[in-house]
Structures are given as structure tokens and as C-alpha cells.
Amino acid sequence: MTIAIYPGTFDPITNGHQDIVQRALKLFDRVIVAVAENRRKQPLFSLAERVRMVTEVLQDSPQAQVIPFSGLLVDCAKQHQARVILRGLRAVSDFELEFQLASMNRRLRPELETLLLIPSEKYTFLSSHLVREMASLGADIGEYVHPNVVKALKKAYQQ
Ligand code: ADP
């Protein structure tokens, strides 16, 4: 059984993240979506809210599991017997950070492989940051996130 772990802040989960999970589910027996606490980024949604939204969005994918995590990703991967770290690559601009992360994680745990997946082209410009920005300004974001996430963003920005 090959298990992959997909870490991220997911603040909030977008259709781009979901696209990556669906692609990964075709390649792996189980995909663990690891929602990072990530205090440094000062997320809009709490860790519990982010985990809840990811769980709701992936409720029809039984091979996907959602967990909260803080600390080192390589330790979390080991604990869950994951052999592969998944990340999404939208554009060249993502490459530098992803390359750094993959190289450092390889140093920390050489047997763990990082796999970068490219989303459908309609999501290559999409980010949680952009979705939050649009929602805060009252734009319609229904095309980019799950309906439950639309609701949560409306509530967060009290619209
Ligand atoms: P992080 O703070 O770890 O970057 P994010 O939730 O922003 O957390 O992103 C998690 C992963 O998902 C990253 O590898 C990022 O490049 C990828 N990602 C984010 N948005 C998209 C998207 N629209 N399409 C594909 N991958 C994406």
C-alpha cells in the first residue's frame, strides 16, 4: 500500500488543491491531506476550521484522510507511513520554494520522495490568498471553492 501525504495551509482549500488530491488518488492507495497549523502565516481560519472544510470537501473520497499537523513534516510522514510528499506546482514562480522544501526534506529523510503535480490549467492562477482577497472585496468566488467554503468566507468577512 503506497501512502502519500499532501501538506499545506489550506486557508482555505480551493478547487486547485482539490484537483491535486483527485489526481493523487489515481496514483496512490491513500492520500493524507495534512493541514499545517502554520502560525507564521497567521491564517484567516483556525486549524480546526481548515481541517473541517477539507474534510467536507473530500467527503466523497474515502481514500483521502485529513489530519491536522504541526512540527516537522518528515516526522508526520513517518508516523503515517507515507513514502511520498505531494505538492502542487502552478507556475515557475512556485518552483523555487518547492525546490528548497523538497531538497531540505530529502536531507532530513532521504527515503521520502517529493512529487510535484500540475493542476488543470484552469487552476494555475488560483491561490488561497487570491480567494480570500476576492471574498473580502465581495467578489463571487463560487467557481473556485466548494459551496461550504463560500459560506465560511462570507461569514469570516461578515457579508
Ligand atoms: P503552503 O502554505 O504550504 O504553501 P498552500 O495551502 O498555499 O500551503 O498550498 C499547499 C500546496 O498546494 C502547495 O504545494 C501549493 O503550491 C499547492 N497549491 C496551492 N494552490 C494550488 C492550485 N491552485 N493548484 C495546484 N496546486 C496548488
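Please treat every number below as a calculation from the coordinates, not as lab data. Keep in mind that what you see is a predicted model, and the values were worked out from it rather than measured. All Cβ positions, glycine included, derive from the backbone under ideal geometry; neighbour counts span all protein chains shown.
Just a few scattered comments:
- With bins 10 Å wide beginning at 0, the percent of Cα pairs of the chain falling in each bin runs 11, 40, 38, 11, 1.
- Listed residue (L153, L44, Q22) projecting farthest to the positive dipole end of the chain, Cβ model: L44
- Cβ-Cβ FRET estimate between K78 and E98, R0 fixed at 22 Å, reported to 0.05: 0.60
- Interchain or long-range residues, amide H under 5 Å from G88's placed H: L117
- Theoretical FRET efficiency, 1/(1+(r/R0)^6), r = Cβ-Cβ of L27 and A48, R0 25 Å, to 0.05: 0.30
- Point-charge dipole on Cβ atoms (K/R +1, D/E -1) for the chain, about Cα centre, debye to 20: 320 debye
- R0 of 30 Å, Cβ-Cβ distance K155-T124: FRET efficiency to nearest 0.05: 0.60
- Partners for K155 among lysines (Cα-Cα distance below 30 Å; same-chain residues under 8 apart left out): K41, K122
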